[in-house]
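Structure, as structure tokens:
The values are calculated or read from the model by the stated rules, or taken from the named source; none is laboratory data. Every value quoted in this text rests on a predicted model; they were computed, and no experiment measured them. Note that each Cβ is placed from the backbone with ideal geometry, even for glycine, and that neighbours are counted across all protein chains shown. The area values use the complete protein model at the heavy-atom level, side chains included, leaving out ligands, DNA and RNA. Shrake-Rupley method; radii C 1.70, N 1.55, O 1.52, S 1.80 Å.
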Amino acid sequence: SLGSLEPIRDFIFVDDTVEGFIHATYSDSSIGKTINIGHGNPISIRELVEKISLLLGKKAHIVKDSQRLRPENSEVMKLHCCNKLAKNIMNWEPTVELEQGLLSTIDWIKKNLISYQPNYYMI
């Protein structure tokens, strides 16, 4: 079950995040600056669910759970990273596309199902 499907998020694969941090440590130009390390390609939660369903070869039956909805006026509807500064001063940009990252994540979950608890929702 999910909360709101309308928010837009900008996902980045962990490998790209780590590479961004590494680039920042070697860039004197980044000292004292706030630099966004994100992909720059936002997607709605609904579209993300549809993409994951397609990659799994299954039809998703989306169930909205009111406990997962944020309180009124507290949901950030769009988070979209602008990574131009990271590209310009650190010579960094993400290399893992969303689909590739999702496939890697799906593979990891399949290999680690014993420690993964998909039916357990922690607040």
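Tabulated data
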{"item": "In the stretch 47-75, residue nearest to the chain's Cα centre (by Cα) [restricted to those that are over 25 Å from T105 (Cα atoms) and in a loop (DSSP other than H, G, I, E, B)]", "result": "E75"}
{"item": "Only one of K51, K64 that is of a type in the set (D, E, K, R), open to solvent by 80 Å² or more (accessible area, probe 1.4 Å) and touching a residue at least 24 places away in the same chain (Cβ under 8 Å)", "result": "K64"}
{"item": "Tally of residues being open to solvent by less than 90 Å² (accessible area, probe 1.4 Å), hydrophobic (A, V, I, L, M, F, W, C) and more than 16 Å from the chain's Cα centre (by Cα) across the stretch 2-46", "result": "3"}
{"item": "Members of the stretch 69-98 found to be open to solvent by 70 Å² or more (accessible area, probe 1.4 Å) and either in contact (Cβ under 8 Å) with a residue 60 or more places away in the chain or in contact with a helix residue (DSSP H, G or I) (Cβ under 7 Å, 6 or more places away or on another chain) (or both), listed by number", "result": "L69, R70, V76, M77, K78, L79, H80, N91, E93, T95"}
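Conditions tested, residue by residue: (1) of a type in the set (S, T, Y); (2) farther than 21 Å from D107 by Cα.
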{"site": "D15", "(1), (2)": "no, no"}
{"site": "S27", "(1), (2)": "yes, yes"}
{"site": "G40", "(1), (2)": "no, yes"}
{"site": "I43", "(1), (2)": "no, yes"}
